[in-house]
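The block underneath contains the structure these notes are about, expressed in structure tokens.
The values are calculated or read from the model by the stated rules, or taken from the named source; none is laboratory data. The model shown is predicted, which means the values in this text are computed figures rather than measured ones. All Cβ positions, even for glycine, are placed from backbone atoms using ideal geometry, and neighbour counts span all protein chains on display. With ligands, DNA and RNA removed, areas are computed over all heavy atoms of the protein, side chains included. Shrake-Rupley method; radii C 1.70, N 1.55, O 1.52, S 1.80 Å.
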Amino acid sequence: METRAILERLIAFETVSRLPNRALIDWAAALLADAGVASTLVPDASGAKANLYATIGPADRGGVMLSGHTDVVPVDGQAWTRPPFRLTEAEGRLYGRGAADMKGFVACALAAALAAARRPLATPLHLALSYDEEVGCLGVRSLIDLLARAPVRPLMCIVGEPTGMAVATGHKGKRGLRATCGGREGHSALAPMAMNALHLAADLTQAIRAIQARVAEGGARDGDYDVPYTTLHVGRIAGGASLNIVPNAAEVDFEIRHLAEDDPDALVAEIAAEAGRIVASADDPDARIAIETFMSYPGLGTAPDAGVVAFVKALTGANATIKVAYGTEGGLFAERLGLPTIVCGPGSMAQGHKPDEFVAVEQIARCDAMLAALLDRLEAGL
């Protein structure tokens with residue numbers, strides 16, 4: 001089955017993170033089984049979602065792992081001009097939700113696995129497909145637990161997020177945090193006699209912005225990134241039920257995307273200290289702000305002279321490396337398994353998460369060529 005046909009099937013599975021991915025995973029497992037490749041599924045507690053792990057070639061030695069996630073972001077509220085869950089082609093582009101992020105690579109990887117099953121590999125190819133990457137690299141953690149217990153691990157990993165087929169050696173880490181602000185309700189006509197939780201949320205937001213300004217001005221910098229410093233971003237503020245009621249509760253969701261040189265714990269402590277100052281200045285016994293982390297993943301920082309970098313550059317013909325702004329499961333593979341990891345895949349993240357998402361046909365062809373070169377190396381024993 002060729003890459004385009006596989007991608008057409010993958011796009012048709014509506015694997016938005018809030019929905020199950022099991023139909024896609026079961027289809028992929030059956031596709032591999034028809035080629036004589038056995039898969040191990042690692043389901044979540046409900047069984048509605050699962051990771052897939054497969055090895056093609058000798059199982060008693062390391063090899064190269066191709067990693068991709070199967071979930072996609074929602075299309076709700078977006079002005080698509082094409083059906084998001086049906087692959088369409090026009091002017092050298094393949095359109096559909098996940099075409100770039102990152103079912104394009106998953107299709108290439110599955111096609112490579114089918115081709116690998118027909119070849120006498122001396123070194124194995126491993127395939128890792130995960131769920132819930134878009135909501136914090138959650139699903140892959142149970143797959144990592146499986147690999148941590150395995151007698152043999154892969155030698156290196158290629159995460160196929162869209163890089164335009166450039167070899168990316170790094171990305172920032174991320175913390176997702178929620179500040180729960182408490183106050184005391186009251187009639188808005190008597191607002192000064194109540195304790196407005198939204199005011200606390202607004203003050204905290206301003207404090208986070210001030211910290212961001214300081215970090216941007218004088219913090220660590222890495223010119224390999226489009227935004228060369230650690231970023232703090234408030235993404236959601238919620239609270240209040242009616243204009244004439246002073247709200248007694250509010251939430252602020254914010255994130256930290258941090259360089260390797262910056263300590264996210266120190267930034268969280270600084271924000272918590274600002275929250276304490278805001279509560280103290282409110283001078284009200286009902287004022288409170290509690291901060292909790294609800295998701296996190298580490299950054300990736302593979303050395304430019306690492307073996308995996310030279311290996312993949314040789315496959316693609318690249319002369320240079322880049323770093324990417326978005327996060328991937330690669331940081332977890334490197335941190336928890338010590339697995340040398342790079343990011344390289346078809347398409348551009350500039351197209352991801354948008355209406356009329358697409359991947360160029362040329363990019364898919366380049367990825368297929370890279371993986372064909374990989375199979376040649378695996379057959380020759382690396």
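Given the alpha-carbon gyration tensor of the range 51-208, what are the semi-axes of its equivalent ellipsoid in whole angstrom, ordered largest first, with each equal to the square root of 5 times an eigenvalue?
45, 23, 13
Taking every DSSP beta bridge that has both residues in the range 40-179, what percent is antiparallel when rounded to the nearest 5?
55
Using a 1.4 Å probe on the protein heavy atoms, what percent of the accessible area of the range 273-382 belongs to carbon and sulfur?
53
Per 0.36 nm of contour for each residue apart, how much would the distance between residue 266 and residue 142 grow if the chain were fully extended, relative to their Cα-Cα spacing?
Length gained, residue 266 through residue 142: 41.8 nm.
With a/c under 1.5 counting as rounded, go ahead and sort the range 102-145 into rounded, prolate or oblate using the C-alpha gyration tensor (a ≥ b ≥ c being the square roots of the eigenvalues; past the cut-off, prolate if a/b is larger than b/c, else oblate).
Oblate, since a/c reaches 1.5 and b/c is not below a/b.
Just need the relative contact order of the chain here, percent rounded to a whole number, with Cα pairs under 8 Å and 6+ apart.
The value is 25 percent.
Helix 197-218 versus the longest principal axis of the chain: what angle, 0 to 90°, nearest 10, using Cα atoms?
60
Check residue 156: other-chain or 5+ apart residues with amide H under 5 Å from its amide H, H built from backbone geometry?
For residue 156, whose amide H was placed from the backbone, the distant partners under 5 Å are 63, 65.
Of 336, 288, which has the most accessible area and how do the rest follow, probe 1.4 Å?
288, 336
At 1.4 Å probe size, with no ligands or nucleic acids counted, give the accessible surface of residue 1 in Å², nearest ten.
Accessible area, nearest 10 Å²: 100 Å².
For the range 287-299, take each phi angle, set θ = phi - 60°, evaluate the Karplus expression 6.51 cos²θ - 1.76 cosθ + 1.60, and give the result in whole Hz per residue in order, putting x for glycine and proline.
Using θ = phi - 60°, the values come out as 6, 7, 9, 10, 10, 9, 8, 10, 7, 6, 8, x, x Hz.
Quick one: dipole size for the chain, taken about the Cα centre, charges +1 on Lys/Arg Cβ and -1 on Asp/Glu Cβ, in debye to the nearest 20.
About 700 debye.
Using amide H atoms built 1.01 Å from N in the peptide plane, name the residues 5+ places from residue 93, or on other chains, whose amide H lies under 5 Å from its own.
HN-HN under 5 Å from residue 93: 361.
For the chain, what does the accessible surface come to per residue with a 1.4 Å probe? Please give it in Å².
Per-residue accessible area for the chain comes out at 42 Å².
Would you kindly derive the ³J(HN,Hα) couplings of the range 9-16 from the backbone phi angles with the Karplus curve 6.51 cos²θ - 1.76 cosθ + 1.60 (θ = phi - 60°), listing them in order in whole Hz, with x for Gly and Pro?
Those phi angles translate into 5, 5, 4, 5, 7, 7, 9, 4 Hz.
In the range 158-238, carbon and sulfur make up what percent of the accessible area (probe 1.4 Å)?
53
Sort by residue number and name the cysteines in the chain that have no neighbouring cysteine Cβ under 4.7 Å.
Lone cysteines by the Cβ rule: 137, 157, 181, 344.
Just to be sure I follow: if Rg is taken over the C-alpha atoms of the chain and Rh is the Kirkwood radius over the same atoms, what is Rg/Rh?
1.04
Can you work out the FRET efficiency for the pair residue 122 and residue 149, with r the C-beta to C-beta distance and R0 = 25 Å, to the nearest 0.05?
0.50
Counting only C-alpha contacts under 8 Å and six or more residues apart, can you give the relative contact order of the range 7-127 as a whole percent?
Normalised by residue count, the contact order of the range 7-127 is 36 percent.
Between 0 and 90 degrees, rounded to the nearest ten: what's the tilt of helix 104-116 against the longest Cα principal axis of the chain?
The two axes meet at around 30 degrees.
Using per-residue counts of other Cβ atoms within 10 Å, averaged over each peptide, order 40-48, 189-197, 235-243 from highest down.
189-197, 40-48, 235-243
To the nearest 10 degrees, how steep is helix 140-149 against the longest Cα principal axis of the chain, on a 0 to 90 scale?
60
In whole Hz, what ³J(HN,Hα) sequence does the range 358-363 give by Karplus (6.51, -1.76, 1.60; θ = phi - 60°), x for Gly and Pro?
8, 10, 6, 4, 4, 5
Of 37, 84, 165, whose Cα points farthest to the positive end of the dipole of the chain (charges on the beta-carbon: +1 Lys, Arg; -1 Asp, Glu; origin at the Cα centre)?
Sorting the options by dipole projection puts first 37.
Given axes a ≥ b ≥ c from the Cα gyration tensor, I'd like to know whether the range 231-382 is rounded (a/c under 1.5), prolate (a/b larger than b/c) or oblate.
Since a/c reaches 1.5 and a/b is larger than b/c, the shape of the range 231-382 is classed as prolate.
At a 10 angstrom cut-off on C-beta neighbours, averaged per residue, how do the peptides 81-91, 64-74 rank from highest to lowest?
64-74, 81-91
Quick one: length gained pulling residue 213 to residue 1 fully straight, 0.36 nm per residue minus the C-alpha distance?
Extra length from residue 213 to residue 1 when fully extended: 71.2 nm.
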